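K.L.:
Pasting a structure here, questions to come.
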């Protein structure tokens with residue numbers, strides 16, 4: 001019996017592209033790198049900051065990766081919330097799910113406090129029961145630590161949960177946690193790419209996913 005819906009954030013519930021681009025470019029330029037192509041940056045959204053650094057620089061220098069993370073956060077603290085929007089219909093979806101008695105959570109590579117700030121900006125904080133951010137886990141997605149922590153604290157079982165996300169990292173996270181996965185196509189991952197994973201449903205957006213979930217009652 002389905003009891004809880006757990007969401008990724010970036011490209012699932014909202015779009016922080018502008019804030020992420022500003023923060024990545026700031027950090028990389030401080031470290032002496034040229035600004036990457038925006039399309040390349042978009043492909044990294046949803047990865048941990050360390051993995052983002054590795055992908056965009058082709059450099060595995062751990063010390064410099066730590067510097068990148070600090071510089072990114074420094075810039076993001078001033079620009080991220082203002083440059084983040086929830087997708088159309090997200091609040092309505094969350095309200096419908098709560099009205100039907102579902103518990104809700106967000107498990108993301110964004111910082112916990114950043115998600116709180118974003119939800120508060122849109123008066124949506126009360127629609128999410130639990131947030132698990134980058135600073136809440138020892139190992140980020142696709143390690144299942146954060147997802148399993150959310151499931152435990154929602155007082156649910158793995159088989160009573162859907163994890164909804166936009167990327168193959170999210171699909172791998174669900175697979176590693178032995179949780180049913182629902183894909184949305186609002187990110188950079190295609191329907192065909194998702195088909196290599198066992199997805200309960202592939203929806204064009206979060207409203208489409210909500211319609212599917214409500215048919216299961």
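The values are calculated or read from the model by the stated rules, or taken from the named source; none is laboratory data. All figures in this text were calculated on a predicted structure; none of them were measured in a lab. Note: ideal-geometry Cβ built from the backbone for every residue, glycine included; neighbour counts use all protein chains shown.
K.L.:
From the set of residues in region 4-53 that are part of a loop (DSSP other than H, G, I, E, B) and under 20 Å from the mean Cα position of the chain (by Cα), which is farthest from residue 208 (Cα to Cα)?
P.N.:
48
K.L.:
Something else about it: Please state which of the following conditions residue 110 fails to meet, knowing it meets all the rest: (1) in a helix (DSSP H, G or I); (2) in the same structural domain as residue 139 (by TED's automatic domain parsing).
P.N.:
Here residue 110 meets the rest and fails (1).
K.L.:
Quick one: count up the residues across region 113-136 that are in a helix (DSSP H, G or I) and more than 11 Å from the chain's Cα centre (by Cα).
P.N.:
13
K.L.:
What number of residues in region 137-168 are in a helix (DSSP H, G or I), closer than 17 Å to residue 47 by Cβ and touching a helix residue (DSSP H, G or I) at 6+ places or on another chain (Cβ under 6 Å)?
P.N.:
The qualifying residues number 1.
Residue-wise test of (1) without any contact (Cβ under 8 Å) to a residue 60 or more places away in the chain; (2) surrounded by fewer than 22 Cβ atoms within 10 Å (Cβ to Cβ).
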{"residue": "68", "(1), (2)": "yes, no"}
{"residue": "81", "(1), (2)": "no, yes"}
{"residue": "86", "(1), (2)": "no, yes"}
{"residue": "104", "(1), (2)": "no, yes"}
{"residue": "116", "(1), (2)": "yes, yes"}
{"residue": "148", "(1), (2)": "yes, yes"}
